[in-house]
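Since the structure comes first, as structure tokens, the remarks are kept for the end.
The values are calculated or read from the model by the stated rules, or taken from the named source; none is laboratory data. These figures come from a predicted structure and were not determined experimentally. With ideal geometry, Cβ positions are generated from the backbone for all residues, glycine too; neighbour counts draw on all protein chains shown. Note: areas computed on protein heavy atoms with side chains; ligands, DNA, RNA excluded. Shrake-Rupley method; radii C 1.70, N 1.55, O 1.52, S 1.80 Å.
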Amino acid sequence: VNIVIDDDSLSEIGIWPWKRTRYADIFEFVEKYGHSKVIIFDSIISSRGDSNDDAEFYERVSKLKNFVAGIDFGKEMQRDAFKTPGANLNKFSLKINNNRPKSLINGAKYYRLPSILPEYAQNVNSIGSVTIYPDSDGVIRKIEPVINYFDKYYPSLALASYIIVNKPESIEILNDKIRLKLKNNLTEIPLSSDIASNSYIKWYKPYDRYNLSSHKSYSAWKIIKAYEQVQNNEKPLINPAEFENKIVVVGATAAALNDIKTTPMGANYPGVEVQSTFIDNLFNNNFIKQAPLAVNIIITIIFVCSVLIIINILSPLYSAITVLLFMFAYFYLTLYVYSNNYIINIMTPYVFTLLFLIGGYASRFFIETRKKEKIKHIMGKYVSKYVVNHIINNFDEVKPGGKKKEITVLFADIRGFTRISELLDPNEVTMLLNEYFAEMVPIIEKHKGILNKFMGDALLAVFGEPIIDDNHPKNAVLCAMSMIEKITELKEKWRREGKPKIDIGIGINTGVAFIGNVGTDQRLEYTVIGDTVNVASRIEAQNRLFNTKLLISASTYDKIKDMVDVIRISSVEIKGREQHIDIYEIMNLIENSSQVL
């Protein structure tokens, strides 16, 4: 139970500081009349007050059998840190066998002179450290059961009270625990994995709904009043039997006395209650145990491996949802484990999960990007790279269907290829065609056209779609003329190599045609269909009749008449059409019309 110097006590007894004999009244009441088991003073007396009052206080305290005085240690190095302390504390030091590594022992040392008056230290039978350091976020979660001060060991308030009651035969500090050997059994205080010899505090539910404290509390002024009443043989305000066989912690909760802490239980948690809670942990062997490092590593590895598997087998959306659910499930697992007094690491698996999640998605993105580029490269060998890009950028449109649009179609064919095929073996024919097409395709692409398909020794190129180009008739004609120039170069090269002479005929027509995906849901081809295509093919065939190389339709000529000199060849009948069409042979370009538009 707690006896607290609260706001009501300050109001009833008077302004702070009180005469120290007031404390003695409290201590005597709970020990002499209440027969308490231990009295713990969660406060330090480091300055002198009225000499007569102090002398009486020391005398009365010296008669208390099971009293533990609070003392504060610090790790801050002082100029006189290595001098002999003012108060001789040797009689309070514990005989402890510390088996921790030297680095941990040195890291847990305290150096600041303890804040306790020599006169006070001489008159008490036991001391206990009140020192508590919060974590880096300012929250108190741990407490040190043993203080290492210049290689001598001193107990905390909790351990000091435990020693008074249970009188352990030996105390040993191990890597992960403090072992107290009693006459008939052992008590082990688990230690956290940090450099200090800290133990996690097991918090309890509040005693009632009106405050955060987990233990019953009595206002100090009522205890002082009850002491005076007992001294005067009056009925006390509080029955001393309330403290029989109890561990009594005396401390301050008044806001003005500044002993309010931040804990997982709340931001305004009484400091005296932190001490009471850990005392309760110790006497009931009710500790929070931290999972070993190996367990946390295994959990993290399992967590990360599970996340990587999820990422690899599920789509990004479903994998993200699954990982999120997985993290929620793990969070509730840690709560369940904690409710059974065990701590497993929650942040490390989460951090590694997020890192691997980001890394996994990044890796997957780069792999998919490389794969996509590889597919584009390979598909570009079968279909125009522009068609491939169009498909990739318009996945939702990859289905049978298309649109009508005005385009220009270029149809090119090798003259007398059947005869050439008879002169050469199939391998030579293939090599000749490959070389021919390898030169033609870049020219088509340079002029903003796409190769729609190879048809044996012929090729079909489309201008104006899917590469949007308002000048597609002009670029188609420029492309055709560049192709004829390149054939002239190839003919000279093949002549030197002893290969057959090759000539080509080209037909160009402009008009509206259907362009898009033709086929089924399982097999599609991006192509161009319509009379415009048929006319281009028929015009190309007229080259044999008129011994020409490049013929265009009237519809194309109307679009480019300002850039070419032509000869009207004839008005010819095209198979499949009732009306004759005019065809023109391009003689040359008008000056400044040769650049790609």
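Residue under question is residue 235, and the condition is that it be open to solvent by 40 Å² or more (accessible area, probe 1.4 Å), under 29 Å from residue 339 (Cα atoms), charged (D, E, K, R) and over 45 Å from the mean Cα position of the chain (by Cα); does it hold?
Spelling it out, it is not the case that residue 235 is open to solvent by 40 Å² or more (accessible area, probe 1.4 Å), under 29 Å from residue 339 (Cα atoms), charged (D, E, K, R) and over 45 Å from the mean Cα position of the chain (by Cα).
Looking only at region 487-511, which residues are free of Cβ contacts under 8 Å to residues at least 24 places away in the same chain and among the hydroxyl-bearing types (Ser, Thr, Tyr)?
Correct list: 488 only.
Picking from 311, 321, which residue would you name as being in contact with a Gly (Cβ under 6 Å, 6 or more places away or on another chain), surrounded by 12 or more Cβ atoms within 10 Å (Cβ to Cβ) and more than 30 Å from residue 190 (Cα to Cα)?
Sole residue among the options that is in contact with a Gly (Cβ under 6 Å, 6 or more places away or on another chain), surrounded by 12 or more Cβ atoms within 10 Å (Cβ to Cβ) and more than 30 Å from residue 190 (Cα to Cα): 311.
Restrict the check to region 496-509 and report whether at least one residue is assigned to a helix (DSSP H, G or I) and either under 21 Å from residue 437 (Cα atoms) or open to solvent by 20 Å² or more (accessible area, probe 1.4 Å) (or both).
Within region 496-509, one or more residues are assigned to a helix (DSSP H, G or I) and either under 21 Å from residue 437 (Cα atoms) or open to solvent by 20 Å² or more (accessible area, probe 1.4 Å) (or both).
Please determine whether any residue of region 292-304 is farther than 16 Å from residue 200 by Cβ and among the aromatic types (Phe, Trp, Tyr).
Looking for residues that are farther than 16 Å from residue 200 by Cβ and among the aromatic types (Phe, Trp, Tyr), one finds at least one in region 292-304, hence yes.
Which of the numbered conditions does residue 209 fail, given that it passes all the others? Conditions: (1) farther than 20 Å from residue 283 by Cβ; (2) open to solvent by less than 70 Å² (accessible area, probe 1.4 Å).
(2)
If you take the residues in region 453-481 that are open to solvent by less than 20 Å² (accessible area, probe 1.4 Å) and more than 17 Å from residue 556 (Cα to Cα), which one is farthest from the chain's Cα centre (by Cα)?
Ranking the candidates gives 458 first.
If you go through region 153-190 one residue at a time, how many are open to solvent by 10 Å² or more (accessible area, probe 1.4 Å) and under 15 Å from residue 142 (Cβ atoms)?
Residues meeting the conditions: 3.
Consider region 465-486. How many of its residues are assigned to a helix (DSSP H, G or I) and in contact (Cβ under 8 Å) with a residue 40 or more places away in the chain?
The first filter runs over region 465-486 and keeps only residues assigned to a helix (DSSP H, G or I), leaving 472-486.
Filter once more, so that each one left must be in contact (Cβ under 8 Å) with a residue 40 or more places away in the chain: 472-481, 483-484, 486.
Here the count works out to 13.
Please determine whether any residue of region 420-432 is at pLDDT 90 or above, assigned to a helix (DSSP H, G or I) and open to solvent by 40 Å² or more (accessible area, probe 1.4 Å).
No: region 420-432 contains no residue that is at pLDDT 90 or above, assigned to a helix (DSSP H, G or I) and open to solvent by 40 Å² or more (accessible area, probe 1.4 Å).
Tell me whether region 60-72 contains one or more residues that are part of a loop (DSSP other than H, G, I, E, B), of a type in the set (Ser, Thr, Tyr), under 20 Å from residue 129 (Cα atoms) and open to solvent by 20 Å² or more (accessible area, probe 1.4 Å).
No, region 60-72 contains no residue that is part of a loop (DSSP other than H, G, I, E, B), of a type in the set (Ser, Thr, Tyr), under 20 Å from residue 129 (Cα atoms) and open to solvent by 20 Å² or more (accessible area, probe 1.4 Å).
Checking the structure you have, find out if any residue of region 246-266 is more than 19 Å from residue 14 (Cβ to Cβ), out of contact with any Ser or Thr (no Cβ under 7 Å at 6 or more places or on another chain), open to solvent by less than 70 Å² (accessible area, probe 1.4 Å) and in a helix (DSSP H, G or I).
Within region 246-266 (the criterion being more than 19 Å from residue 14 (Cβ to Cβ), out of contact with any Ser or Thr (no Cβ under 7 Å at 6 or more places or on another chain), open to solvent by less than 70 Å² (accessible area, probe 1.4 Å) and in a helix (DSSP H, G or I)), the answer is no, since none of the residues qualifies.
Please indicate, with yes or no, whether at least one residue in region 220-229 is part of a strand (DSSP E or B) and in contact (Cβ under 8 Å) with a residue 24 or more places away in the chain. Lay out the reasoning, then the answer.
From region 220-229, those part of a strand (DSSP E or B) are none; that's our starting set.
No: region 220-229 contains no residue that is part of a strand (DSSP E or B) and in contact (Cβ under 8 Å) with a residue 24 or more places away in the chain.
Could you check region 104-217 for strands (runs of 3 or more DSSP E) lying wholly inside it with 2 or more residues that are in contact with a Leu (Cβ under 8 Å, 6 or more places away or on another chain) and hydroxyl-bearing (Ser, Thr, Tyr)?
Output list reads 152-155.
I'd like the full set of residues that are in contact with a Phe, Trp or Tyr (Cβ under 8 Å, 6 or more places away or on another chain), modelled with pLDDT of 85 or more and small (Gly, Ala, Ser), limited to region 494-531.
Result: 507, 530.
Could you check residue 489 against (1) in contact with a helix residue (DSSP H, G or I) (Cβ under 9 Å, 6 or more places away or on another chain); (2) open to solvent by less than 70 Å² (accessible area, probe 1.4 Å); (3) outside any loop (DSSP other than H, G, I, E, B) and say which number it fails?
(2)
If I filter region 510-534 down to residues being closer than 15 Å to residue 452 by Cα and outside any strand (DSSP E or B), which single residue comes out as most open to solvent (accessible area, probe 1.4 Å)? First the steps, then the outcome.
So the first thing to find is which residues in region 510-534 are closer than 15 Å to residue 452 by Cα, and the list is 513-518, 524-530, 532-534.
Narrowing further to those that are outside any strand (DSSP E or B): 530, 532-534.
On the way: 530: 25, 532: 10, 533: 19, 534: 82 Å².
Checked region 510-534; the qualifying residue most open to solvent (accessible area, probe 1.4 Å) is 534.
For region 19-46, which residues satisfy the criterion of being open to solvent by 40 Å² or more (accessible area, probe 1.4 Å), within 50 Å of the chain's Cα centre (by Cα) and of a type in the set (Phe, Trp, Tyr)?
none
Yes or no: region 288-309 includes at least one residue that is touching a residue at least 40 places away in the same chain (Cβ under 8 Å) and among the aromatic types (Phe, Trp, Tyr).
yes
Hey, among the residues in region 269-286 that are open to solvent by 10 Å² or more (accessible area, probe 1.4 Å) and either of a type in the set (Asp, Glu) or farther than 21 Å from residue 72 by Cα (or both), which one's nearest to the chain's Cα centre (by Cα)?
Of everything passing the filter in region 269-286, 286 is nearest to the chain's Cα centre (by Cα).
Tally time: how many residues in region 191-206 are at pLDDT 85 or above and crowded, with 16+ Cβ neighbours inside 10 Å?
8
In this structure, does residue 562 turn out to be assigned to a loop (DSSP other than H, G, I, E, B) and surrounded by fewer than 18 Cβ atoms within 10 Å (Cβ to Cβ)?
Yes, satisfied.
Specify the residue that is nearest to residue 202 (Cα to Cα); the eligible residues are those in region 337-350 that are open to solvent by less than 70 Å² (accessible area, probe 1.4 Å) and of a type in the set (A, V, I, L, M, F, W, C).
In this case the residue turns out to be 343.
Residues of region 125-136 being open to solvent by 40 Å² or more (accessible area, probe 1.4 Å) and farther than 17 Å from residue 192 by Cα, which ones?
Correct list: 125 only.
What are the pairs, 6+ residues apart or on separate chains, where a residue within region 571-597 that is within 21 Å of residue 473 (Cα to Cα) and open to solvent by less than 40 Å² (accessible area, probe 1.4 Å) has its Cβ under 6 Å from a residue that is modelled with pLDDT of 80 or more and among the aromatic types (Phe, Trp, Tyr)?
Here the result reads 584/557, each pair linking region 571-597 to a residue that is modelled with pLDDT of 80 or more and among the aromatic types (Phe, Trp, Tyr).
Just to check your reading of the model, which residue among 216, 225 is of a type in the set (D, E, K, R), open to solvent by 30 Å² or more (accessible area, probe 1.4 Å) and closer than 26 Å to residue 129 by Cα? Steps first, please.
Values: 225 fails: closer than 26 Å to residue 129 by Cα.
The conditions single out 216.
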